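Participant: Got a structure for you, written out below as structure tokens; questions coming shortly.
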Amino acid sequence: MTVTRTKPRLDAAHVRELLHTMLRIRMFEEKCAEAYTQEKIRGFLHLYDGEEAIAAGIIPLLEDQDRLVATYREHGHALARGVPMGAVLAEMYGKANGCAGGRGGSMHLFDAGRNFYGGNAIVGGGLPLAVGLALADRMQGTAAATACFFGEGAVAEGEFHESLNLAKLWGLPVLFVCENNGYAMGTRLDLTEAEIDIAAKARSYAITSEVVDGMDVVAVEAAARRALQTIAETGKPYFLECRTYRFRAHSMFDAQLYRPKDEVAEWREKGPIVRFQTWAMKSGLLHEDDVAEIKSEITAEIAEAVAFAESGTDEPVATLTAHVMATERPDPPVVEPPDTTIETTYRDAVKAAITDAMTRDDRVFLMGEDVGHYGGCYAVSKGLLDQFGADRIRDTPLSESGFTGAGIGAAIAGMRPIVEVMTVNFSLLALDQIMNTAATLRHMSNNQWDVPVVIRMATGAGKQLAAQHSHSLEGWYAHIPGLRVLAPATLEDARGMLWTALQDPDPVLIFENVMLYNRKGELAENAGPVDIDRAVIRRAGKDISLITYGGSLFKTLDAAEALAKDGIDAEVIDLRSLRPLDMDTILTSVTKTHRALIVDEGWRSGSLAAEIGMRLAEDAFYDLDAPLARVCSAEVPIPYAAHLEQAAIPQVETIVAAVKKVLEQKP
């Protein structure tokens, strides 16, 4: 960004521009409120009425290269950023010609061409994204800044604190703008916060902070100029708390029973538009004719926007599932014939994959808890800090949502981050960012952005780490549209899946079972990228299909060998990809063996095994010669005691017994 003056130049042209921007937002939203009462706009509608000075005073100062992340009350931000009014209104109408194709609605307006990263319906959810966008710009050496708008309700969220900490820790060019309207939704700020000075919270992270009268557009612009100039000079974050007031309800559903009418009336008297217009006219910078002309221009633009929205077409139902995942992906890698082999471990195969990716592509970097100086919780990244430096082997605080969201933002902005979450249990703290941002952004924005982030995490039981460190939750993530979920079990996949995942335009989650890290085996010296779409037959057989993945693969193979001694020829399928499932390989096997058993370390209820079984029931029922069966973990938090832990998860003996039971049954 380039700001050459720290004080606004209040000549007639600029005064007119400021009033025009505020009136344009106000009058547009009045039309939106009318359309809502006519049921042309549905869902939640959060109006910016009363807060216009903040968008008008800050956003026009941003350059094209700068990025903007908004909150769910973002109509004003979108208009001030230059998103066409017709496209905004059409989106709120749910039309295909909307700025997100009707897939986002009022709370999710997007425009990639204007670096407008949209609203976020999750309070505080945009903060980590903004940090990641700024991180990408810092790592790529651009001069861009990221402006992040949010309400005072977000300061209670962990993502607020995690994001401010990361921005300051890494010295990132983020302008944080808190639009403090006094009510998070319907509860007054002093009833929810022990410290109501929000700028003081930012100062506690050593971020330069100001409190601004958010009803005074000139004060807002002056503060924004100081902030942007400081960011340009230092590259460090800046925080503005703009104290304002919303004149309308939190959303159009809100009866506003929590605040007296005279309070609203008192604030309206000092509203940003009446205040600025009165001053401008008294100063002789604007006249009645000027204001009338501005309103006439806006009225005409609104009429055009309404016509555009109301003439828009509905997105065909046939395209319902479009843009959940990218339609264009790189071709699968060509796997070279194996060369001479070396003995290695699963751990070292993963490390070799990371090293190879970072050597090939400067955009690739690793971030996560203890990945640098400690060398990774499971020693996967040991030595990489010395090899690649702290900028690319990036230790993070214990703030999973913050750094995972930052990884997502960096990926959207052109980097190729590998985000390491120490264990799958900790990933639940980042579930908001994974599910509500990474998995939804492509579809919700109507295919405006790729999200090429890779998130690795350790999963599974067997290490006597007890209930809170022994989950197998990969099946949960396989439930979420918009994600690609992988479970490498072999050395070849541990070595080869990562690079292919990094080339994918969609978010990829890689689950590494903790019991595999020490597993030794032979790996070709020329091992490289592998396909990540297909299941693989690890053992051919004719009597039953054993379907499994990850840490259960080798138990299942051992069970197949034990069964062979009894004359039972089991086929073993390694799923490798849990979402999407390669049902073609599964169905081909089951139509040959006519029996199926799924081995899944997840809990039985709602398991991935249940999903596969139901798909087989739907698509291969008449090919089955026996009921479907599964071996899953017991419905119990994983216990600490070794004998209980082993009893809780699938074992060779339980797999063998389950297979024999299937073979005894008839359809």
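Participant: Go through the stretch 485-509 residue by residue and tally those that are over 21 Å from Pro338 (Cβ atoms) and open to solvent by less than 10 Å² (accessible area, probe 1.4 Å).
Facilitator: Within the stretch 485-509, residues that are over 21 Å from Pro338 (Cβ atoms) and open to solvent by less than 10 Å² (accessible area, probe 1.4 Å) number 10.
Participant: Moving to a separate point now. Suppose we filter the stretch 404-425 for residues that are open to solvent by 10 Å² or more (accessible area, probe 1.4 Å), more than 11 Å from Val453 (Cα to Cα) and not in a strand (DSSP E or B); how many remain?
Facilitator: Count: 1.
Participant: Moving on. Filter the stretch 256-292 down to the residues that are at pLDDT 95 or above, assigned to a helix (DSSP H, G or I), surrounded by 10 or more Cβ atoms within 10 Å (Cβ to Cβ) and in contact with a helix residue (DSSP H, G or I) (Cβ under 9 Å, 6 or more places away or on another chain) and list them by number.
Facilitator: Matches in the stretch 256-292: Pro272, Ile273, Val274, Arg275, Phe276, Gln277, Trp279, Ala280, Met281, Asp290, Val291.
Participant: Output the qualifying pairs, or none if there are none: Cβ atoms under 9 angstrom, residues six or more apart or on different chains, first residue in the stretch 537-550 and in contact (Cβ under 8 Å) with a residue 60 or more places away in the chain, second residue among the aromatic types (Phe, Trp, Tyr).
Facilitator: Note: pairs meeting the criteria are Tyr549/Phe511; Gly550/Phe511.
Participant: Here are Pro338, Pro333: which of them is farther than 30 Å from Arg442 by Cα, of a type outside the set (Gly, Ala, Ser) and under 39 Å from the mean Cα position of the chain (by Cα)?
Facilitator: Sole residue among the options that is farther than 30 Å from Arg442 by Cα, of a type outside the set (Gly, Ala, Ser) and under 39 Å from the mean Cα position of the chain (by Cα): Pro338.
Participant: Here's another thing I want to ask about it. Does Asp558 satisfy the criteria of being of a type in the set (D, E, K, R), under 23 Å from Pro650 (Cα atoms), in contact (Cβ under 8 Å) with a residue 40 or more places away in the chain and open to solvent by less than 40 Å² (accessible area, probe 1.4 Å)?
Facilitator: Considered against the rule, which asks whether it is of a type in the set (D, E, K, R), under 23 Å from Pro650 (Cα atoms), in contact (Cβ under 8 Å) with a residue 40 or more places away in the chain and open to solvent by less than 40 Å² (accessible area, probe 1.4 Å), Asp558 comes out as no.
Participant: I'd like the residue in the stretch 216-246 that is within 28 Å of the chain's Cα centre (by Cα), of a type outside the set (Asp, Glu) and outside any helix (DSSP H, G or I) and, out of all such residues, is surrounded by the fewest Cβ atoms within 10 Å (Cβ to Cβ).
Facilitator: Among residues in the stretch 216-246 that are within 28 Å of the chain's Cα centre (by Cα), of a type outside the set (Asp, Glu) and outside any helix (DSSP H, G or I), the one surrounded by the fewest Cβ atoms within 10 Å (Cβ to Cβ) is Gly235.
Participant: Looking only at helices (runs of 4 or more DSSP H) that fall completely inside the stretch 10-83, which ones have 2 or more residues that are touching a residue at least 60 places away in the same chain (Cβ under 8 Å) and either of a type in the set (Gly, Ala, Ser) or closer than 18 Å to Gly151 by Cα (or both)?
Facilitator: Values: elements: 12-37, 52-58, 75-81.
It comes to 12-37, 52-58.
Participant: For the stretch 452-492, which residues satisfy the criterion of being among the small types (Gly, Ala, Ser) and either at pLDDT 95 or above or within 28 Å of Ile537 (Cβ to Cβ) (or both)?
Facilitator: Result: Ala458, Gly460, Ala461, Gly462, Ser472, Gly475, Ala478, Gly482, Ala487, Ala489.
Participant: Would you mind finding the one in Val212, Val177 that is over 27 Å from the mean Cα position of the chain (by Cα) and under 30 Å from Ala143 (Cα atoms)?
Facilitator: Only one candidate qualifies: Val212.
Participant: Do you know which residues across the stretch 179-202 are in contact with a Leu (Cβ under 9 Å, 6 or more places away or on another chain) and free of Cβ contacts under 8 Å to residues at least 12 places away in the same chain?
Facilitator: Ile196
Residues checked against (1) more than 22 Å from Cys178 (Cβ to Cβ); (2) of a type outside the set (Phe, Trp, Tyr):
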position	(1), (2)
Arg246	no, yes
Met252	yes, yes
Tyr258	no, no
Lys261	yes, yes
Val264	no, yes
Glu269	yes, yes
Pro272	no, yes
Arg275	no, yes
Met281	yes, yes
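Participant: Here is a list of conditions, (1) in a helix (DSSP H, G or I); (2) under 39 Å from the mean Cα position of the chain (by Cα), and Pro650 meets all of them except one; can you say which number that is?
Facilitator: For Pro650, the exception is condition (1).
To keep it simple, each residue is scored yes or no on (1) among the polar types (S, T, N, Q); (2) within 30 Å of Gly482 (Cβ to Cβ); (3) buried (at least 20 other Cβ atoms within 10 Å of the Cβ); (4) at pLDDT 95 or above.
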{"site": "Leu575", "(1), (2), (3), (4)": "no, yes, yes, yes"}
{"site": "Leu578", "(1), (2), (3), (4)": "no, yes, yes, yes"}
{"site": "Thr588", "(1), (2), (3), (4)": "yes, yes, no, yes"}
{"site": "Lys592", "(1), (2), (3), (4)": "no, no, no, yes"}
{"site": "Ser605", "(1), (2), (3), (4)": "yes, yes, no, yes"}
{"site": "Leu616", "(1), (2), (3), (4)": "no, yes, yes, yes"}
{"site": "Ala626", "(1), (2), (3), (4)": "no, no, no, yes"}
{"site": "Gln651", "(1), (2), (3), (4)": "yes, no, no, yes"}
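The values are calculated or read from the model by the stated rules, or taken from the named source; none is laboratory data. Note that the coordinates shown come from a computational prediction; the quantities given were computed from them, not determined experimentally. No Cβ is skipped: glycine too gets one built from the backbone with ideal geometry, and neighbour counts run over all protein chains shown. SASA here: full protein model, heavy atoms, side chains in, ligands and nucleic acids out. Shrake-Rupley method; radii C 1.70, N 1.55, O 1.52, S 1.80 Å.
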